[in-house]
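Taking it in order: structure first as structure tokens, then the write-up.
The values are calculated or read from the model by the stated rules, or taken from the named source; none is laboratory data. The structure displayed is predicted, hence computed values, not measured ones. Note that each Cβ is placed from the backbone with ideal geometry, even for glycine, and that neighbours are counted across all protein chains shown. Side chains are part of the model used for accessible areas, which takes the heavy atoms of the whole protein and leaves out ligands, DNA and RNA. Shrake-Rupley method; radii C 1.70, N 1.55, O 1.52, S 1.80 Å.
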Amino acid sequence: MQAQTAVVPAPSLAARRALAVVLGAALVAIAAQIAVPLPGTPVPLTLQPIAVILVGAVLGSTRGAAAATLYLLEGLSGLPVFAQGHAGPLWLIGPTAGYLYSYPFAAFVAGWFSERGWGRTIGRAMCGMLVALAVIYAGGWSWLALTVGPRSAFAMGIAPFVLADIIKVIIGAALLPYAERLIMSSRA
């Protein structure tokens with residue numbers, strides 16, 4: 001008598017894409033919890049920017065932006081996914097809201113560059129990631145500038161983070177080709 005083996009169908013492409021979006025949002029949420037408060041600024045130093053950029057670069061423009069949007073919706077709904085375990089609608093009007101709102105756009109930009117082959121070399125990946133980082137800075141700075149003025153917004157929301165973010169982009173660009181290969185091999 002021969003044993004019957006159950007055949008489990010492979011998940012559909014739509015299911016795999018949806019799972020990738022959910023996992024991308026989870027990565028951003030985890031990166032938000034790695035936070036260091038800095039003196040003189042309401043903005044903590046987190047791994048969120050590089051997580052958003054990597055999610056966009058690996059998942060592509062549409063799914064990357066969807067993952068970042070899902071992350072915002074999770075925080076809005078009360079899940080403690082924002083930096084330092086914060087949650088709720090007040091965080092989407094607080095001093096860091098501009099950064100949060102910029103995440104879907106930054107993920108889209110990183111994905112757009114990646115879809116055009118910019119992730120294949122470290123140098124080009126760094127350029128695309130720096131453009132996406134500029135989107136995050138623009139969002140964060142402009143929101144802060146509404147309440148504290150342009151110079152103070154730069155001093156509080158950009159200057160303390162530039163060096164650390166450039167280091168994160170270098171590391172992210174170095175990891176990107178491996179992350180893309182991992183995603184591609186899982187699609188096979």
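Cβ-Cβ contacts under 7 Å between residues 6 or more apart (or on different chains), taken from a first residue in the range 14-32 that is within 9 Å of ALA67 (Cα to Cα) and surrounded by 13 or more Cβ atoms within 10 Å (Cβ to Cβ) to a second residue that is of a type in the set (S, T, N, Q) and modelled with pLDDT of 95 or more, are listed as VAL28/GLN48. For the range 38-69, filtering for residues that are of a type outside the set (Gly, Ala, Ser), within 20 Å of ARG16 (Cα to Cα) and in contact with a Pro (Cβ under 9 Å, 6 or more places away or on another chain) leaves 2.
Scanning the range 78-101 for residues that are within 19 Å of ALA51 (Cα to Cα), open to solvent by 80 Å² or more (accessible area, probe 1.4 Å) and among the aliphatic types (A, V, I, L, M) returns a single hit, LEU79.
May I ask you to verify whether VAL162 is open to solvent by 30 Å² or more (accessible area, probe 1.4 Å) and under 13 Å from GLY56 (Cα atoms)? Here the answer is no, as VAL162 does not meet what is asked. Filtering the range 105-115 to residues that are open to solvent by 20 Å² or more (accessible area, probe 1.4 Å) and at pLDDT 95 or above leaves PHE105, PHE108, VAL109, TRP112, PHE113. Summed over the range 139-161, the residues that are within 20 Å of ILE93 (Cβ to Cβ) and either aromatic (Phe, Trp, Tyr) or touching a strand residue (DSSP E or B) at 6+ places or on another chain (Cβ under 6 Å) (or both) give a count of 2.
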